[in-house]
1. Just report the Cα centroid separation between segment B:1-56 and segment C:71-119, whole Å.
2. Among C:32, C:310, C:67, which one shows the biggest mean-square fluctuation in a GNM of chain C, springs joining Cα atoms closer than 10 Å?
3. Would you mind classifying chain B by shape? Square roots of the alpha carbon gyration tensor eigenvalues, ordered a ≥ b ≥ c; an a/c under 1.5 is rounded, otherwise it is prolate if a/b is larger than b/c and oblate if not.
4. Among A:115, C:245, B:141, which comes first, then next, by fewest other beta-carbon atoms within 10 Å?
5. How large is log10 I(q)/I(0) at q = 0.11, 0.13 Å⁻¹ when the Debye formula is applied to the Cα atoms of segment B:210-336, each weighted equally and without solvent?
6. Looking at the square roots a ≥ b ≥ c of the eigenvalues of the Cα gyration tensor of segment C:181-321, which shape do they give, rounded for a/c under 1.5, prolate if a/b is larger than b/c, or oblate?
7. Write down the Å³ per residue value for the convex hull defined by the alpha carbon atoms of the protein assembly as shown.
8. Show me, for segment B:238-255, the HN-Hα J-couplings you get by feeding each phi into the Karplus relation (A = 6.51, B = -1.76, C = 1.60, θ = phi - 60°), rounded to Hz, glycine and proline as x.
Amino acid sequence: MKKEALIPEIAVITDIRIDTPDVRTFRVVTPDGKKPFEHIPGQCAMLSIPGVGEALFSITSSPTNTEYMEFSIKKCGCVTNFLHAVEPGQYVTVRGPYGNGFPVDTAFRNKDMLFIAGGIGLAPLRSVINYCRHHRKDYGKIDIVYGSRSMQDLVDYKEIIDEWCHEDGIHVHLTIDREQPEWKGHVGFVPNFVKELQFDTNKTAVLCGPPIMIKFTLAGLQELGFKKYQIYTTLEMKMKCGIGKCGRCNLGDKFICKDGPVFRFDQLEELPDEY
Amino acid sequence: MKKIQLSLLPKLLSAIAAKKALYLPVDGKAGADYKRYEEGDTLSRACRTNRSAKDFFFPQVEDMAAFRVEGKKIEIIDTRKENEDFVIFGVRACDVRSFDILDRVFLADPVDTFYENRRQHATVVSLACDAPEETCFCRQFDILAEDPAGDVAAWIVGDEMYFKAKTEKGKKLLSSLDVLLADGDSAPVEKEKKHLEAIQHKLPISEFNKEHFKPEDLMEHFNDPAWAELSEACLGCGTCTFVCPTCQCFDIRDFKTNDGVLRYRCWDSCMYSDFTKMAAENPRHTQLERFRQRFMHKLVYYPANNDGIYGCVGCGRCLAKCPISMNIVKVVKKIGGKKA
Amino acid sequence: MQKMMQDRARELLSSGKVDRVLGWIEGDFVYDVTPHVFRENDIDQLIYHSFASQNLSKYLVGETKKDGVIAVFLRPCDSYSFVQLLKEHRFDREKVYAIAIPCLGKVDAEDLRAMGIRGITGVTDGKERIILHTLYGDVEKEKSEVIAERCRKCRGVHAPYFDERLGEELTKEPLTDRFEMVEKLEKMTAEERFAFWQDELSRCIRCNACRNVCPACTCEKCVFDNAASGIENKAPASSFEEQNFHIIRAFHVAGRCTDCGQCSRVCPQGIPLHLLNRKFIKDINSCYGEYRAGADLEEKAPLNRFDVDDCEPGDVVGKGE
Amino acid sequence: MQVNEEKFEPTIVAFCCNWCSYAGADLSGTNRLQYPANVKIIRVPCSCRVNPMFILRAFQRGADGVILCGCHPGDCHYTTGNYFTRRRMTLLFSMLEFLGIEKERTRLEWVSAAEGAKFAATMNDFVATVTKLGKNRRLEDLRCKK
């Protein structure tokens, strides 16, 4: 019989990195040690534990990583709670990739990029940031604004400090919501921080984070003079199939799973502002 | 064109059943419903079955895969089987159109192999409507109840039943029944069609105006304040979605058997509060949003993605079955009736 | 009656005594009736006739969460549900103005269709007789012939709790004994009963209409919607699921069910769900004394109290055969 | 067919109250009283903890008979729990019977901590009754058998 899109493949978790108290990054490969499938930055995959449930996660690793796939997952529901309790060697099922991904080879090419993330919102952006780093000459300057509740809640802190901060043409701006004695950096919410940083409007911005952050950051960027067509985001919604058939993840006539999750704000303007 | 005396219909049915699985609507305790043919069953003349015919291709529950779980290890077992050949006899025009609507969802890339498998093995024998209910409104969606689509179309004229093959599959079926069928003249059928069409024109529901439901009206309809009033009495049950021939939303769930996990898919309803419930929040938090989703999907979203074809076939089941009699006709009147 | 209700509602609205009125509105067809919250501008559309069969009391749970006072029209069966809901503190009594109205029994369009009466365009109600106007001419029927099963067995007496009564109080005797069918089933053998219920329950499509319409089912989160309960499901995935759902649904309203019959009315598959509820009512009556849910505000529900010398399961089970 | 019947070993689920029948089961063990190994005991804090779904799920998962054991009326550790149990189970068992489920498949018994012999006798009797009835077909979930 033909391959059925809804029947997943087996994969194994080979490594679990504890990022923050409630975020872990899982490294996933097929049982014979290969990357499960190819993807574009911003695309998602369905992970499941039979008997527990299936859920959609954005792929955190860059497509340029040829060995494995990574998912940064925050503990919040049934499946994620289970995943946070497993050890390396645990089998899971995986299917994908789903969604459109970021236009890394078209609209983003040769542009100065501005990535703005809040909390676990870094997960989908990490894929595209690392893609841009890998193909460094294809992109202009890269600015990364990343904020979180506290220093401990910054996902991928080690990678950011050890790698991203030391590369030419990449500027990382970190912020946390409340002051902490050991924190020497900026303190304050992401939207205000973005306004304070006074970015040029010749950049393409990519936003991801909690809805409230997105709302105010968007306003902030517009205040700086950014146009809606310069700003991208990635949306989230309940999904069961990932291929536009189960019928629940639509925003207006667009399915988040198939037509998204990446949208430009001028596209979103033509859609209802709620689900 | 082929024909058979109505008195010989039982013979024809058992001849079909001898070769393939045969399903047909049969009158039961509480209205007509499709069932597998058994000797002695007679074709219901009701114009509408309780459940729609979508069950044949998209059953309420179907197994997708099984998993064996041992410690950290998981094994996937593909439980799919090739479907048997089957014939659905006596499908009305509205339900036949619903198959096209489902096709556009399930046969779109990537193809749903469960659906495709059933679809390939089915032969649909449709039946023209001679006595529509006052709640029928298929004509509003350009469906011809007097000349239904399908692999074979059938008409009952007097005490004879006429058949016309419309596809290769249909021709095959009719030729396999050649011994029982006589050649028929198309004139009586043409005359009957005219008669049936005239009945269709007399039906009371005629509010649907396509000019009012265009993709570009999406925002206007979405933001219509009338949704609040319309959804006010909605109980949030799944009756309308489950009796609807075109509702195709589904859920994928796991059932822990005594020694493994069975992953199955089942119908889901956008009217249910947990339809979009995620771990942290529910983007459609009140019945208003859920109610709006259902009708916007049928009247605006679906046509926007499918060349203007509406996601409703006017079968009238939701009119007859909704516990509080809120239905697509009332919605169309309220939401679409404003543009002059 | 309809006129009287409209006038009274208008009066209440314009005097500012109530802000909204919960009643029924008609759609395209006379039987196409929907519960509706009226305000002064649309009160003329309030209807009341033989097809106004939805119960309104359950809507109060949601409506009283809003601001303002709402008036509600309660038919006798509904007024029992009203009291039962009140007893369980499911709505804010302060925000409700209850108007008791008489009922002569309701007619279901599906039943009429089964009788061959089609194309209904209007209705003229009488006390004993009903005239149905159809596309094919008028049909006059004895009311007792056409009214729904639940109304034929109704013991239509007003519950004592309401703010005012409109129209005359009708006391009527039920036309037939409501436990008739339950008893008939009890007399069957276990095999016959099993076959009967398999036939009925196998038609269930698990649309939850019976649950959602039930005035006794007012849990914030139903056990069948709760993933942590282990029995959550959306579909009758096996014959066990069908039985399980209906046993538990009936059990959860045992002792609280007012026998309003809405569960059977709304079932799109015509399953006689009220028989399950009536079985519980019958057992409760025979084991723990006559009890009518919603009859008063004080008496504890049968499953919330006990007697030290209650019967044992063995004394009851299997005695019907 | 006859041969199969003889081989049939029923699965029995016994919900036992922690304060009485669970101890009763223990006592019957220390007294070396025999009861069949078919009985799977589930300890509950009070017979009242058992809600109808427990009973139904036991059948779904493959039980052929379900027995609920609690303290004698009046002896409940929590004063009144078993009185409520009695009402609930009376109604539930009656309903199961109404749906055509064999009435012998469910039972409610009062067994105290001192009644080791009664526990063993009850279980022996219940297992024998259910064995005679054969497999639970009417309340089974075929998916569990896959």
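We did not get these values from a lab; they are worked out from the coordinates using the rules stated. What you see is a predicted model; the values in this text were computed from it and never measured. Here the Cβ is made from the backbone with ideal geometry for all residues, glycine too, and neighbour counts use every protein chain on show.
1. With segment B:1-56 and segment C:71-119 each reduced to a Cα centre, they are spaced 40 Å.
2. Highest fluctuation of the listed residues: C:310.
3. In terms of gyration-tensor shape, oblate.
4. Fewest to most other Cβ atoms nearby, the residues stand as B:141, C:245, A:115.
5. -0.42, -0.57
6. Taking the square roots of the gyration eigenvalues as a ≥ b ≥ c, segment C:181-321 is oblate.
7. Dividing the Cα hull volume of the protein assembly as shown by its residues yields 215 Å³.
8. x, 4, 4, 6, 7, 8, 6, x, 10, 5, 10, 5, 9, 10, 10, 9, 10, 10
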